[in-house]
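For reference, the structure discussed in these notes is given below.
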Amino acid sequence: MVFGPASLGVCGACLWLRVGMEVIVCNANMDGRDIVAVMPTGGGKSLTYQLPAIFSSGVTLVISPLISLITDQIMHLLEAVKITGSTSKSEQDAIHMTLINMAAGRESKETEIKLLYCTPEKIAKSKQFTSLLQEVRDGGKLVQIIVDEAHCVSQIGHDFRPDYAKLHVLRELFPEVPIMALSATYPPVVLKDLLKVLSLKPTVRGTAAGHTGTVYFTSKTALPRLPQTSSRIPMVVNISSNEEDPDKPGSSGRSLMASHSTPSSSRLKPFPVRPSSSPVNDSLGSN
């Protein structure tokens, strides 16, 4: 087990983590599942993909709409780079060469890239960049795709960005690469658009997730409309299988912990979470 309550929910580098939603999502992440997660701003969204990326054997592609946010993220991580409009040609050439070497199995620990940040415009408008990603995929080094602020794919609301709607090419180009969509809010109609644009399968409950389906996680703090539960429980994770009403609570007063399983058995199993009053510290980057 990589993440789970048996060892405080951590690998050696993360013994400081309180068991909470971050660890639960990390479990599904390490299982190679498609994931939709609703977490509040400042609630540890970046941790849910940065931590698994560090322990992976390839590149995690992170698509984010804000260059300032991308810059802040990579400042806190040694093995993270960005390719945006502000990246110089020399930097881009160096990143390209490193990725090509990784795809060919010639990478070194000193130069290995774990997290590659870009904007949705880069995916939508640069065939050279998507061709590079395909080469990385062909070398078995593209391990996951993260879509941050994923609600921007929907034309419902003022946050719609046309280049987010073009991210449908991700599943077309990389059908076997897991996709993780993150946001602080997913009204049912937005979730429906998201699943359609990213070609994700219908959502499933994390407490009964088989080998297929998009695992849906919702933190209590992201949905203030939910009824209050016992104050002794630090965080409740509600997981819905209803695509039209994903906000329906999947638990009453008990937090759920999904354990990491081997590739031959990717079922996510629930575990009770020990109550704790200490806050979650997301020290791997801001959201």
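The values are calculated or read from the model by the stated rules, or taken from the named source; none is laboratory data. Please read all numbers here as calculations on a predicted model, not as lab measurements. No Cβ is skipped: glycine too gets one built from the backbone with ideal geometry, and neighbour counts run over all protein chains shown.
Couple of notes before you dig in:
- Scanning region 70-83 for residues being surrounded by fewer than 17 Cβ atoms within 10 Å (Cβ to Cβ) and not acidic (D, E) gives a total of 4.
- Helices (runs of 4 or more DSSP H) within region 65-156 that include 2 or more residues within 19 Å of the chain's Cα centre (by Cα): 67-75, 120-125, 127-138
- The set of residues from region 23-39 being over 21 Å from T185 (Cβ atoms) and acidic (D, E) comprises just one member, D31.
- Among the candidates T98, T119, the residue that is buried (at least 17 other Cβ atoms within 10 Å of the Cβ) and in contact with a helix residue (DSSP H, G or I) (Cβ under 8 Å, 6 or more places away or on another chain) is uniquely T119.
- Any hit, region 137-152, residues being modelled with pLDDT under 90 and either in contact with a helix residue (DSSP H, G or I) (Cβ under 9 Å, 6 or more places away or on another chain) or small (G, A, S) (or both): no
- Taken as a whole, the condition of being exposed (fewer than 13 other Cβ atoms within 10 Å of the Cβ) and within 24 Å of V23 (Cβ to Cβ) applies to S57.
- Considering only residues in region 74-114 that are in contact (Cβ under 8 Å) with a residue 24 or more places away in the chain and of a type in the set (K, R), the one that is nearest to A124 (Cα to Cα) turns out to be K82.
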